[in-house]
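Shown next, in structure tokens, is the structure this report addresses.
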Amino acid sequence: MNRLRLLIGAAFGFVVTAALFVLMPTLIETADKSLDEKPAHRIADIDMPDRDIETNIDRKPDKPPEPEQPPPDMEQPEMEDVNPDVEAVNMTPSQQISLTNAAGGLSASDGEYLPIVKVAPIYPRRAQSRGVEGYCTVEYTVTKSGTTRDIVPVDCSPPGYFERASVKAAEKFKYKPRVVDGDPIEVPGIQNRFTYELDK
């Protein structure tokens, strides 16, 4: 029964398909050809006028005019001590460092060297953070021009804390050189002790 229905449906579909193939050429031939004979209309061209597009760009402010004279450089504070027997103290917060010249009893009338500028060393951060106090004696040569050279630490306690800071400070010392027969001469073996103490 089912097979019979399938055969009938297939035959009916074949008949309908064949009829459509026959009718389609006829419908095409009898169609209204006037639609194709109408002239084509041209679409007008649309021209956009050229316009300058303004962009809002933030302008950088004009650089202010440079001052006619630059401000003077700030000089580093230096400790001056014309008397080698007087201790100089660096009054930086939370610490004090005293400088003592190991050579004493000198006067300008003897033509000997005379300290003009003594700079206090910077308290080493490692020693300050650990609360370490002490001293360091350095030895150096006063040159003909009044500077120092060949600076070496000779006695420092506790060792390993204050040597470097003491040498750096002694490098900035200034002296009036020793004068013999009108000529400046070098003076070796000069010693200076730096005392490192923290404020209590």
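Just so you know, all these numbers are worked out from the coordinates, no wet-lab data involved. Bear in mind that the values here come from a model prediction, so they are computed numbers and not experimental data. Here the Cβ is made from the backbone with ideal geometry for all residues, glycine too, and neighbour counts use every protein chain on show.
Worth pointing out:
- Neighbourhood charge, 11 Å Cβ-Cβ cut-off, centred on Pro121 and excluding it, Lys, Arg +1 and Asp, Glu -1: +2
- Label point 7 Å beyond Cα of Glu197 along Cβ direction - residues of the range 137-164 with amide nitrogen under 17 Å: 137, 157-158
- Local electrostatic count at Ile151 - Lys and Arg +1, Asp and Glu -1, tallied over other residues with Cβ under 15 Å: +1
- Spin-label model distance (nm) - Asp150 vs Asp181, 7 Å beyond Cα toward Cβ: 2.1
- Other residues with beta-carbon under 9 Å from the beta-carbon of Pro177 carry, at +1 per Lys or Arg and -1 per Asp or Glu, a net charge of +2.
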